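K.L.:
Starting off with a structure, shown below.
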Amino acid sequence: MSGGGGRKTIKAVAVMREKANEQQRQMGKVIKHHPSHEESKKLRPPSIRTPCQQELDQVLERISTMRLPDERGPLEHLYSLHIPNCDKQGFYNLKQCKMSVNGQRGECWCVNPITGKVIQGAPTIRGDPECHLFYTAHEQEARGVQALNVQ
């Protein structure tokens, strides 16, 4: 048996596949396409960003465009930035802190989880300011209602 018959069969299958693909194109059938990550981001409806998430996005954008012109090193520039601490729902965590430097904890303070504004009367200390003592049960319930409305 000669090897030529096998090549003819393969060629015939390829021709049939091409004809089938052409028919599908003519009939308007879409061949499945898996979008790239960038394409899928464009297809997704924009999600509603909370103030904490928006602030975090802005800080991350600033970090991504930072130039590091001197020998102080990349981390030196980050110490001046406040990077917000957001919870899973996108609200501010009650306790916000500056970065630790040279093994020393950064200062921490208490904020309203919805607005990110400092809670008056709460201490700013290196350590745990026990924010739950300064954020009342009534405010926590209101936050729960707000969280439900955002979702």
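K.L.:
In the stretch 47-65, which residues are open to solvent by less than 60 Å² (accessible area, probe 1.4 Å) and at pLDDT below 90?
P.N.:
Residue satisfying the conditions is Ile63 alone.
K.L.:
Considering only residues of the stretch 127-146 that are modelled with pLDDT under 90 and among the small types (Gly, Ala, Ser), which is surrounded by the fewest Cβ atoms within 10 Å (Cβ to Cβ)?
P.N.:
Looking at residues that are modelled with pLDDT under 90 and among the small types (Gly, Ala, Ser), I get Ala137.
K.L.:
Related question: Kindly indicate the residue of the stretch 85-126 that is among the β-branched types (Val, Ile, Thr) and touching a residue at least 12 places away in the same chain (Cβ under 8 Å) and also least open to solvent (accessible area, probe 1.4 Å) among those meeting that condition.
P.N.:
The residue in question is Val111.
The values are calculated or read from the model by the stated rules, or taken from the named source; none is laboratory data. Just so it is clear, the structure is predicted and the values come from calculations on it, not from any experiment. So basically every Cβ, Gly included, is an ideal-geometry build from the backbone, and we count neighbours across all protein chains shown. Just the protein is used for accessible areas: all its heavy atoms, side chains included, with ligands, DNA and RNA removed. Shrake-Rupley method; radii C 1.70, N 1.55, O 1.52, S 1.80 Å.
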